[in-house]
1. Pairs only if they're at least six apart or on different chains, beta carbon under 7 angstrom, first in the range 194-221 and more than 15 Å from Val283 (Cβ to Cβ), second crowded, with 16+ Cβ neighbours inside 10 Å and of a type in the set (Asp, Glu); list them, first residue then second.
2. With respect to Ala207, is the statement that it is surrounded by fewer than 16 Cβ atoms within 10 Å (Cβ to Cβ) and either in contact with a Lys or Arg (Cβ under 6 Å, 6 or more places away or on another chain) or not in a loop (DSSP other than H, G, I, E, B) (or both) true?
3. Can we say Thr312 is over 30 Å from Phe102 (Cα atoms), surrounded by fewer than 17 Cβ atoms within 10 Å (Cβ to Cβ), in contact with a helix residue (DSSP H, G or I) (Cβ under 7 Å, 6 or more places away or on another chain) and outside the structural domain of Asn26 (by TED's automatic domain parsing)?
4. Among the candidates Asp290, Asp310, which residue alone is farther than 14 Å from Ala139 by Cβ, in a helix (DSSP H, G or I), at pLDDT 95 or above and in contact with a Gly (Cβ under 9 Å, 6 or more places away or on another chain)?
5. Scan the range 56-63 and give yes if some residue there is in a strand (DSSP E or B) and within 20 Å of the chain's Cα centre (by Cα), otherwise no.
6. Has the range 81-101 got at least one residue that is assigned to a strand (DSSP E or B), of a type in the set (A, V, I, L, M, F, W, C) and in contact (Cβ under 8 Å) with a residue 60 or more places away in the chain?
7. For the subset of the range 30-66 comprising residues that are surrounded by fewer than 18 Cβ atoms within 10 Å (Cβ to Cβ) and either without any contact (Cβ under 8 Å) to a residue 12 or more places away in the chain or small (Gly, Ala, Ser) (or both), which member is farthest from Leu16 (Cα to Cα)?
8. Can Asp285 be described as more than 27 Å from Ala78 (Cβ to Cβ), touching a strand residue (DSSP E or B) at 6+ places or on another chain (Cβ under 8 Å) and acidic (Asp, Glu)?
Amino acid sequence: MEADVPQVADLVWKVLHEREGASPSNLRSYFRELFLENPWHEEGIVSRVAEDNQGKIVAFFGTIARRMTFQGKTIRFAFGSNFVVDPESRATMAAIQLLRAFMKGPQDVSITDSANENSRQMLRSLGFTVVPVYSLLWARPLRPSFYALHGVARLKKSKLARTVSAIAKPFSALADAVIVRMPLSPFRQFEHDTIGEELDLDTHLQALAKLPKNWLLPEYDRASLKWVVDFVVRNKSLGEEVRKVVVRDKDRKVLGWYMYYVDRGEVGEVLQVGAETASMAKVLDHLFHDAWKRGMIGLHGRLEPQFMEDLTLKSCFFLRNGSWTLVHSSKPELLALVQSGTAFFSRIDGEWGLRPPRVFAAGVSA
């Protein structure tokens, strides 16, 4: 409900961001837009709160309805966000009650793609199952030496690690300059014979419609696709710019498309990459070269099982880092469908890509 938004935002500000006082106005706007104004309303698939005896909200579980299609049949999904519980109320059953209410909704499939380790354990105890294939990331170094330093710095957040990283940067720059130009290097960068153009809404919608019908596919119309793309572009949750590109061959035929966060000198997060299977290799080549030209040191994206062979051949590797994907359904055939990896399930098709802005109006980093 609209009246709950301020309290929900304040709870998230306190618990997840560890800040005191009232939440910033754009965090409240974020929750209002995401949970009350999104274009996928389904009767009975709603976000829920738990209140204490004084009417104070002590727990929140956000839910977004989505639809996917399989061989012409519509399947209703309900994506549940990580729940938030006031630390003073964690001894209560608030979280369990919200999760059970979520699972009893009218959706065909209950799913989350952003569960942390604590959430994973709780969801499994309630009957959810982990979907390993959609809990994996693919990773592609673009500047391998800098990418390695970035990984070390994240693992070893010590003064020594930062010092070693600073000393090694000039040598890494030299090494990467050589690696990306060596003819036999798996990380070689060069111009390809494909054409990249700004991905407009209609082309994006048409490209999605050409994906194989024997996949589990997200269901979009023009309004819903525009909403989700505008939402991630505006929020800048994982980068300063979202790059959107349609890839064409020399005869102007659409081969595929991609969207990723640009953040120079960092590892970029790919929101969506798609193509007809035969064209994926060329689309990946264009994506990697495009990101390299913009100063990225690497790219990460959610694994799409249909494209795993092409990703492997393009020197990507696979890892699990951070979020888990879990699913629940009373229909075994739908569970099997998701578990089989037949879904085209990018980061804008679930909740992962709908994260809050990195910087709020109060000037505090999220």
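1. Hits for this filter: Pro218/Asp349.
2. When the stated conditions are applied, Ala207 does not pass them.
3. no
4. From the options Asp290, Asp310, the qualifying one is Asp290.
5. yes
6. Looking through the range 81-101, at least one residue is assigned to a strand (DSSP E or B), of a type in the set (A, V, I, L, M, F, W, C) and in contact (Cβ under 8 Å) with a residue 60 or more places away in the chain.
7. My answer is Gly44.
8. No: the conditions fail for Asp285.
The values are calculated or read from the model by the stated rules, or taken from the named source; none is laboratory data. These figures come from a predicted structure and were not determined experimentally. Glycine gets a Cβ as well: all are built from the backbone with ideal geometry, and neighbour counts include every protein chain shown.
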